[in-house]
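> My questions all concern the structure below.
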């Protein structure tokens, strides 16, 4: 399941047209422009780093993927990253990032999601770091755990395997 979700995210991020509206697992979905509420077909422009509405040829700031089970995922049009619960409507009526959850300067995005993953996007380069955990027990045993790190740039994906380390205090 995670692999399929990762393939969908990576596929929608980097140039694959998402207008087919069927996932690799055969699940149907609809894409809705968050600002207009209209169903749209989109593609990702890897030169301008934008999601484009195929009909109007205009950039799409945020869109919603509505899955066949009615689950919804909100996607940032520039990065292609799912930003559920990380945006809000400002007083001018525009959807923007919640600055407490996401740092965005127009070229670089940094965020930490509800599961502890750190995500960094900059001009098509994506880095995802799952949780890291360090803790120490009363007997001075130290534990460090890291999940895999995924880096994506251009058409190349690099995965660094996570580690688990334990250090115990000798002589005690």
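> Taking residue 93 as meeting all but one of (1) over 14 Å from residue 33 (Cβ atoms); (2) touching a strand residue (DSSP E or B) at 6+ places or on another chain (Cβ under 9 Å), write down the number of the exception.
Looking at each condition in turn, residue 93 falls short on (2).
> Which pairs have Cβ atoms under 9 Å, sit 6 or more apart or on different chains, and link a residue in region 83-99 that is under 21 Å from residue 116 (Cα atoms) to one that is exposed (fewer than 10 other Cβ atoms within 10 Å of the Cβ) and at pLDDT below 90?
84/114; 85/114
> For residues that are outside any strand (DSSP E or B) and touching a strand residue (DSSP E or B) at 6+ places or on another chain (Cβ under 7 Å), scanning just region 59-72, find the one that is surrounded by the most Cβ atoms within 10 Å (Cβ to Cβ).
Restricting to residues being outside any strand (DSSP E or B) and touching a strand residue (DSSP E or B) at 6+ places or on another chain (Cβ under 7 Å), the top hit is 60.
> May I pose another question? Need the failing condition index for residue 144 against (1) at pLDDT below 80; (2) surrounded by fewer than 12 Cβ atoms within 10 Å (Cβ to Cβ); (3) over 16 Å from the mean Cα position of the chain (by Cα); (4) at negative phi, just the number.
Every condition holds for residue 144 apart from (2).
> Right, next: Exactly one of (1) out of contact with any strand residue (DSSP E or B) (no Cβ under 7 Å at 6 or more places or on another chain); (2) part of a strand (DSSP E or B) is unmet by residue 110. Its number?
Among (1) out of contact with any strand residue (DSSP E or B) (no Cβ under 7 Å at 6 or more places or on another chain); (2) part of a strand (DSSP E or B), residue 110 violates only (1).
> Just the residues that are modelled with pLDDT under 65, surrounded by 14 or more Cβ atoms within 10 Å (Cβ to Cβ) and not in a loop (DSSP other than H, G, I, E, B), please, taken from region 7-56.
Listed by number, the residues that qualify are 7, 8, 9, 10, 11, 12, 13.
> Quick one: would you say residue 78 is surrounded by 17 or more Cβ atoms within 10 Å (Cβ to Cβ) and either touching a residue at least 40 places away in the same chain (Cβ under 8 Å) or in a loop (DSSP other than H, G, I, E, B) (or both)?
yes
The values are calculated or read from the model by the stated rules, or taken from the named source; none is laboratory data. Treat the numbers as computed from the prediction; the structure is a model and nothing was measured. Note that each Cβ is placed from the backbone with ideal geometry, even for glycine, and that neighbours are counted across all protein chains shown.
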